[in-house]
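Read through the structure below, which is laid out as structure tokens, and then see the notes.
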Ligand SMILES: [Zn+2]
Ligand SMILES: [Zn+2]
């Protein structure tokens, strides 16, 4: 493995992105390729951990990487769901051509890797995924990579990230885990796997932003190790000797100075970010100083800063209480708690899908919208593609039974539940005044449900539901078939469903 001193530098990414990328690609095809690459990378990482203090430092960093990756994946999901649904992302990306795609991906990689030394170095672990030639030639490769890091609900920051899967890395990591590993080995392995995923996620998000002409996101990066700490490192002098041997004394000196200057410049650009994940505030002005957690700093010199007392309290409840002032062990460091992105509500949230059920992108967007707007029962697209948020009446009988079916449909894809909801909504919208309906027809509702639940027989199932309603002596839509005659009497005083007949083209 080339020494970290021989890797392309983060500042090269800005000076000459094309050259910087080629240098990386040569390494990734050669010394860093599978199967030798991961083994050497792991040994190097492990070699950086020498004392118990190092382990603690690594675990603190690891915990932040996990939390940061969860937050990035949440925002990728929210942005991508919008782009796929409303901006025709898939078709635009596929039609853009390799050169355009390549330009955005290279910009993104250079932007991300120039920001932090650890992200630049993490390309060591991304040999198969971040190869520009692969990503640009076939548009599908990037889209699949993007979809692989999306969650199925963007209404909260999830408690664990989705790791980017790769047969080689997965097999190798599983082998490492079965060994009776020390805390240091666990920390080294965990750091590699999370850095790998984090870098890929950042590149994906930067690429998407660049493609749609949007500003790059704010990158939350960790502090770099101070060079004084590096000087104490015994491997340092050996690395310097190798550097001189490879480049010659003059070039080695220039390179070392360059590296140092780059690191200094990056550190000077660092801003303190509020440690509460639900807050995006940063102290980007030198005059602003965030107060830090006293106990963490006094006991462990750990920097945990908050923009306000409110953020400190919120983080304490969710996350910090478990780790404040205590040395971390691996298990604790791996835990991140869910964070809502809007004010939590008393309404229950639509749960995660059961194992084996994969939500479509359309359904993931629907779930996100509903969880962000807990009083809404369903979002329907009108003829202009705008969302209409339908609410069947707070705490009404119809709402209770509708939401029970909705939970089943959205967590398992249960076709019967999907059909009863679709039929009910068709009835409701047929009974509404034209203005409130906003041009939403039964055919549109059926088409939307077919997309969301990836079912091609929604139409037939809705017509079957209508037959059940026709056969019911009270003409109740099957979703409400358990309503007592008295209750039904009060329901149809508000909206008279009994004469509504759903027909479809
Ligand atoms: Zn804050
Ligand atoms: Zn603390």
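Derivation of every value follows stated rules applied to the coordinates shown; laboratory data play no part. Keep in mind the model is a prediction, meaning the values are calculated, not measured. Note: ideal-geometry Cβ built from the backbone for every residue, glycine included; neighbour counts use all protein chains shown.
Projection of the Cα convex hull of the range 361-494, averaged over all directions and equal to a quarter of that hull's surface, yields 7.8 nm². Mean sequence separation of contacting Cα pairs (under 8 Å, at least six apart), scaled by the length of the range 72-208, corresponds to a relative contact order of 42 percent.
Protection proxy ranking, highest mean first, for peptides 434-446, 358-370: 358-370, 434-446, where packing is the per-residue count of other beta-carbon atoms within 10 Å, averaged. Rounded to the nearest 10 degrees, the inclination of helix 485-494 to the longest alpha-carbon principal axis of the chain is 80 degrees. Relative protection proxy for 147-158, 185-196, 258-269, from highest mean packing down: 185-196, 147-158, 258-269 (other beta-carbon atoms within 10 angstrom). Mind running the shape call on the chain? Use the C-alpha gyration tensor, a ≥ b ≥ c as the square roots of the eigenvalues: rounded below 1.5 for a/c, prolate if a/b tops b/c, oblate otherwise. Prolate, because a/c is 1.5 or more and a/b exceeds b/c. As an exercise, use a Förster radius of 25 Å and the Cβ-Cβ distance of residue 375 and residue 86 to find the FRET efficiency, rounded to the nearest 0.05. E(calc), rounded to 0.05, equals 0.65. Relative to the longest principal axis of the Cα atoms of the chain, the long axis of helix 183-211 lies at roughly 60 degrees. When only alpha carbons are used to place a centre, the range 428-482 and the range 252-282 end up 57 Å from one another.
If I take every Cα pair under 8 Å that is 6 or more residues apart in the chain, average their sequence separation and divide by the length, what percent do I get for the relative contact order? Answer for the chain is 15 percent. Report, in degrees rounded to the nearest 10, the 0 to 90 angle that the Cα long axis of helix 361-372 makes with the longest principal axis of the chain. Rounded to the nearest ten degrees, it is 80.
Coordinate range of the alpha-carbon atoms in the range 426-489 per principal axis, descending: 36, 29, 16 Å.
In terms of the mean number of neighbouring beta-carbon atoms within 10 Å, the peptides 199-205, 79-85 order highest first as 199-205, 79-85.
Once you sort the root eigenvalues of the Cα gyration tensor of the range 22-106 as a ≥ b ≥ c, which label holds: rounded (a/c under 1.5), prolate (a/b larger than b/c) or oblate (the other case)? The shape class here is oblate.
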